[in-house]
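For reference, the structure discussed in these notes is given below.
The values are calculated or read from the model by the stated rules, or taken from the named source; none is laboratory data. The model shown is predicted, which means the values in this text are computed figures rather than measured ones. Note that we place each Cβ from the backbone using ideal geometry, even for glycine, and neighbour counts take in every protein chain shown.
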Amino acid sequence: MSGAGLLAAVAVLFGAAGARELAWDRFASSLAARVSLPALLRRKALGVLGGVAAAVLAAPAAPGRSALLVAVGLPLAGFLAPEVLRERQARRRHRRLVAALPDALDLFAVSAASGRGPAAGLEQIAQAGEGPLAEELRLAVAELSCGVPLSAALASLRARVPGAELARLVAAIERSRQFGSPLADQLRRQATALRRNGRREVEDRAARAAPKIQLVVALVLVPSVLLMITAGLIANAGSLLAGF
């Protein structure tokens with residue numbers, strides 16, 4: 001590969017990494033879950049050094065032209081590994097947030113039915129709950145206590161937490177404030193829909209797990225049993241043949 005081609009390939013790799021980083025920053029749903037840029041660069045540098053060390057050990061043992069692939073791939077994997085781990089952590093956090101949302105909506109509906117305003121309902125959920133959802137709501141309550149308008153605090157909450165779940169909650173609060181529609185009924189319907197979606201996702205995961213279990217049984221368990229039977233036959237071959 002020529003020098004210009006190598007530089008172009010490096011530029012493409014760094015551009016893809018930058019685009020991935022921007023997408024993750026939008027996906028990361030809390031200020032506490034983000035890592036500062038210097039810390040991220042330190043992790044990337046450590047990952048590259050670890051990849052280089054692994055490549056030095058593994059590349060000479062690789063057959064043929066695959067040595068070059070190992071020498072390039074391991075440092076690149078070390079460079080991308082911190083982003084992959086951060087994205088995985090953010091996805092796990094988002095799942096926990098969505099799982100806690102139906103109960104929080106029920107509590108919010110009770111607060112709205114008693115005549116309390118949306119700000120008081122958000123504060124009640126933030127104080128009563130734990131986990132990612134309570135953390136995000138505490139940030140919104142802190143903004144409200146500093147004099148930020150409710151619409152701006154809700155918009156900030158929606159920007160921090162991607163996905164349709166929090167967007168529906170924010171939209172319901174805005175509709176109730178603008179048009180006077182009953183907020184409690186909307187919150188109960190959203191909680192019911194989230195629980196229904198959660199049950200459907202569990203059923204889908206169970207349906208996808210069945211073929212994987214069958215594959216493990218077919219490729220691992222059955223050959224293992226056959227090997228054990230074969231080993232037993234070989235070990236007792238002398239006594240078995242002596243009877244003939």
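Condition check for ARG95 on (1) modelled with pLDDT of 85 or more; (2) over 28 Å from the mean Cα position of the chain (by Cα); (3) among the charged types (D, E, K, R): one failure, at (2). Of the candidates VAL70, VAL35, the single residue that is aliphatic (A, V, I, L, M), outside any loop (DSSP other than H, G, I, E, B), in contact with a helix residue (DSSP H, G or I) (Cβ under 7 Å, 6 or more places away or on another chain) and modelled with pLDDT under 75 is VAL70. ARG88 meets each of the listed conditions (1) at pLDDT 80 or above; (2) surrounded by 13 or more Cβ atoms within 10 Å (Cβ to Cβ) apart from (2). Counting only helices (runs of 4 or more DSSP H) that sit completely within the range 127-244, those holding 1 or more residues that are among the basic types (Lys, Arg) and not assigned by TED's automatic domain parsing to the domain that holds PHE108 correspond to 183-216.
Within the range 165-185, being under 30 Å from the mean Cα position of the chain (by Cα), touching a residue at least 40 places away in the same chain (Cβ under 8 Å) and farther than 19 Å from ARG195 by Cα holds for one residue alone: ILE173.
Only one of the numbered conditions (1) of a type outside the set (Gly, Ala, Ser); (2) touching a Gly at 6+ places or on another chain (Cβ under 8 Å); (3) surrounded by fewer than 17 Cβ atoms within 10 Å (Cβ to Cβ) is violated by LEU137, and that is (3).
Mind checking whether some residue in the range 192-203 is modelled with pLDDT of 80 or more and among the small types (Gly, Ala, Ser)?
yes
Count of the range 141-172 residues, restricted to those that are among the acidic types (Asp, Glu) and buried (at least 19 other Cβ atoms within 10 Å of the Cβ), is 1. Of all residues in the range 173-192, those that are loosely packed, with under 15 Cβ neighbours inside 10 Å and farther than 14 Å from ALA104 by Cβ total 8. Considering (1) in contact (Cβ under 8 Å) with a residue 24 or more places away in the chain; (2) farther than 20 Å from LEU107 by Cα; (3) surrounded by fewer than 15 Cβ atoms within 10 Å (Cβ to Cβ), the lone condition that GLY131 does not fulfil carries the number (2).
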